[in-house]
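Undergrad: Sharing a structure with you now.
A short reminder: the numbers here are calculations on the coordinates, not readings from a lab. What you see is a predicted model, and the numbers here were worked out from it, not measured in a lab. Methodologically, a virtual Cβ is constructed for each residue, glycine included, from the backbone with ideal geometry; neighbour enumeration extends over all protein chains shown.
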Ligand code: SF4
């Protein structure tokens, strides 16, 4: 059971539930890679923390000392362990970029006393309001402006500038930090959120309204319920994407292992798993072929069905005789109402009218919708949740689908 959630752990679950399970539940002992992007972020954050902590003690760190502290962050064995994912960049390029970001920041903000520092890299443990879910938020800088406004700052060294303060990634991260601060310091009234994008020298800031915070709280509660449900059913599917190249668990990943087994066999001459892996590959090929044939037959059948109806209309008959048996055609039109999946809005209006006129029995409870929207999202009271649990069955919901494999050359 996860005891503490954070912005990054919720993100990890959204990006790939299986990676989340490796990271937070199974925790296998695998060599961890430090990417150059992550190292750059760490080094810059640490130096900015020193700068502000010194300044709040009335000591200005000199420009040269700041750069020396930054360079020291890259020294030692860590430098050799850093992985550069970008083929046109080197570790030195990353170091240079960090220096440039810090130099520009220093020139612009020294002597770092435009407000009062309340905390730097603060680790805030709190419970999500109206729940027992423990959360951790790490706030880069908590700052009090002379006009009394509290600023929550987050530094970014990445490339992808969000699309303003409405960007969901901005809102989710910074909104969570606001919830943390307001939970711990309810006396703070005016709060402003800001992300400083050092690479672009851009600040994205906003103040979130109470209703926006309430909406975010509901989203966060839903996310936590999704994780709790995944744990209960041990349902952590893989979700392949660009982040796989940075994943430390690729060799253990159920989406990647079969390919690795097959590749290892052709390279190293096999092992105990060879026969099983190969028969798995054969089975996949047979399934794909059968599926293609079935789709072709389905399309052909549908085209023939339409032709048969057309022929019956033209001949004005309701039976077409084949050589041994016949095909009966019932030409018919009928009135119908939209189904829920065809038109959810009209369906909602109709169910409202039916209820108003006393015909509610004709509208069935959609147990799957109720399960998805009310039970899984934790929208019921704890008592209601318990009551519904008595009816909950666990069914095998396994699915088999065909995915086109990307050309490894282009991956
Ligand atoms: S390799 Fe990709 S799909 Fe597999 S766990 Fe890692 S991120 Fe998820």
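Undergrad: Between segment 124-141 and segment 182-231, what's the alpha-carbon centroid distance in Å?
TA: 11
Undergrad: What percent does the relative contact order of segment 257-328 come to when contacts are Cα pairs within less than 8 Å and at least six residues apart?
TA: 14
Undergrad: Hey, another quick one. Angle check, please: helix 344-356 long axis (alpha carbons) against the longest principal axis of the chain (alpha carbons), in degrees 0 to 90, nearest 10.
TA: 70
Undergrad: Note the angle between two axes, namely the Cα long axis of helix 36-56 and the longest principal axis of the Cα atoms of the chain, as a number of degrees from 0 to 90, rounded to the nearest 10.
TA: That works out to roughly 40 degrees.
Undergrad: Let me check I have the definition right: for segment 257-328, take the eigenvalues of the Cα gyration tensor, multiply each by 5, take square roots. What are those semi-axes in whole Å, largest first?
TA: 51, 11, 6
Undergrad: Using Cα pairs under 8 angstrom and six or more residues apart, how large is the relative contact order of segment 5-233, in percent?
TA: 18
Undergrad: Label-point separation (nm) for residue 114 and residue 100, each offset 7 Å from Cα along Cα-to-Cβ?
TA: 2.2
Undergrad: Expressed in nm to one decimal, what extension gain is obtained for the pair residue 160 and residue 107 from 0.36 nm per residue of sequence separation less their Cα-Cα distance?
TA: 16.7 nm
Undergrad: Got the relative contact order for the chain handy, in percent, Cα pairs under 8 Å and 6 or more residues apart?
TA: With pairs under 8 Å counted, the relative contact order is 13 percent.
Undergrad: May I ask for the angle, rounded to the nearest 10°, between helix 63-73 and the longest principal axis of the chain, with both axes built from Cα atoms and the value confined to 0 to 90°?
TA: Once rounded, the angle reads 50 degrees.
Undergrad: May I pose another question? Based only on the alpha carbon positions, what is the Kirkwood hydrodynamic radius of segment 344-389, in angstrom?
TA: 12.0
Undergrad: Expressed as a fraction of 2.2 N^0.38 Å, the rule-of-thumb size for a compact globular protein of N residues, what is the C-alpha radius of gyration of the chain?
TA: 1.37
Undergrad: Dimensions of segment 5-233 along principal axes (Cα, Å, largest first)?
TA: Projected onto its principal axes, the Cα set of segment 5-233 covers 52, 48, 30 Å.
Undergrad: Among 321, 206, what is the fewest-to-most ranking by other Cβ atoms within 10 Å?
TA: Going from sparsest to densest Cβ surroundings: 321, 206.
Undergrad: May I ask you to order 322-333, 294-305, 367-378 by the average number of other C-beta atoms within 10 Å around their residues, highest value first?
TA: 367-378, 294-305, 322-333
Undergrad: With labels modelled as points extended 7 Å from the Cα through the Cβ direction, what inter-label distance (nm, one decimal) is found for residue 303 paired with residue 332?
TA: 2.8
Undergrad: Report Rg(Cα)/(2.2 N^0.38 Å) for segment 109-207, keeping two decimals.
TA: Segment 109-207 yields a ratio of 1.08.
Undergrad: I need two numbers for segment 170-293: Rg to one decimal and Dmax as a whole number, Cα atoms only, in Å.
TA: Calculated on Cα positions, Rg and Dmax stand at 23.8, 68 Å.
Undergrad: Residues of segment 385-399 with backbone nitrogen within less than 18 Å of a virtual label 7 Å along the Cα-to-Cβ line of residue 372, please, listed as ranges.
TA: 393, 395-399
Undergrad: Same structure, new question: Could you check the simple spin-label distance between residue 84 and residue 258, using points 7 Å along Cα→Cβ, in nm with one decimal?
TA: For the pair residue 84/residue 258, the computed spacing is 3.7 nm.
Undergrad: Which order do the peptides 133-143, 395-405 take when ranked by the mean count of other beta-carbon atoms within 10 Å per residue, highest first?
TA: Result, highest mean first: 133-143, 395-405.
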